[in-house]
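Take a look at the structure below.
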Amino acid sequence: MPAHLDSTSVDHRPVIFIRGFNSYPSDELQFGPINLGLVHRHLQPEFEARGFHFIPLYKMGFGPIERQIERARDQVLALRLNPELHLLGHSTGGVIARGLAHALKSTRRILSVTTIVSPHRGSTLANRAAEFERAHPLWYKLWKAAGYDVKLRVPLLEPLKSKSMAQFNEQYPDLPGVSYSSIVSGAPLKSLPLFMRMIGQFADDTSAESDGIVEKSSQPWGDVLGEFSADHNAIIGFRTMASPIAYRRARAEFTEAVRRIHQFYAKVEI
């Protein structure tokens, strides 16, 4: 990432993007051996085409949310930016964005915090991670063989438990003067792509709508800009379904989600 960025040539305030937690230290979206590329690869051109200076934060790693907030703060402070910023986060990145607003409030004016399918009230998948090996030994072995050892991720998922997120919400309340919004997405489990169904089947309530990772009921925060049916990664532009018709529908939802965020930003900047 460049050490200095000049945002004077664009139409809107800079957008700082924080990726979600995928339990890998890289900034690429991975499922075991499958690498789909940088998490922001579809979002960035969409926002830049709309006149935004879109700035993804790199090398966020994983670990305690407080440590990731610190990493994000240090990166933002190292940049030469307009003092007014939008914060945008996908999945756990949205939770980090909320904490980052607190970390930057004395040095930057945070106009907005927008979250995309973020687990603001926790994830039941995180709640059940510690018992996964015992409760589902065959699935545990299959996932481990594919390069994803759930047991090693249990400490990393601890902050995303429902109880942990309730504590986080108390520690990081909404700041006055900051506009909060969210993109919500989810559908019945049976309508999600195969890989998302494979994950979502281990949630506490498989009848609840989710994006395959985060229950829809956990995602709203601030103004809900839209409710969609795309899965956890399709909502940020990734193709996760084989059917061309389903892909076109998900792609249309992705584009519409970006459009609604753009509208929200434009209103906030007035």
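Computed from the coordinates by the stated procedures, all read-outs in this text should not be read as laboratory data. Just so we're clear, the structure is a prediction, and the values are computed from it rather than from any experiment. Neighbour counts are summed over all protein chains in view; Cβ atoms, including those assigned to glycine, are modelled from backbone coordinates with ideal geometry.
Contact order for the stretch 15-269, expressed relative to its length and based on alpha carbon pairs under 8 Å spaced 6+ residues apart, stands at 19 percent. Taking the Cβ of residue 57 as the centre, find all other residues whose Cβ is under 15 Å away and add up their charges (Lys, Arg: +1; Asp, Glu: -1). Net charge around residue 57: +4. Label sites at residue 48 and residue 197, each approximated as a point 7 angstrom past Cα along Cα to Cβ, lie 3.7 nm apart. Approximating the spin labels as points 7 Å out from Cα along Cα→Cβ, the residue 156-to-residue 102 distance works out to 2.4 nm. Run through the DSSP bridge list for the chain and note the antiparallel percent, rounded to the nearest 5. Roughly 15 percent of the DSSP beta bridges within the chain come out antiparallel. Entry note, the chain: the mean residue ellipticity at 222 nm calculated from DSSP H runs of n ≥ 4, each adding -39500 (n - 2.57), is -11000 deg cm²/dmol after division by the residues and rounding to the nearest 500. Look at the Cα gyration tensor of the stretch 15-269: its axes a ≥ b ≥ c give a/c of at least 1.5 with a/b over b/c, and that counts as prolate. In this calculation the C-beta distance from residue 139 to residue 269 is compared with R0 = 45 Å, giving a FRET efficiency of 0.45.
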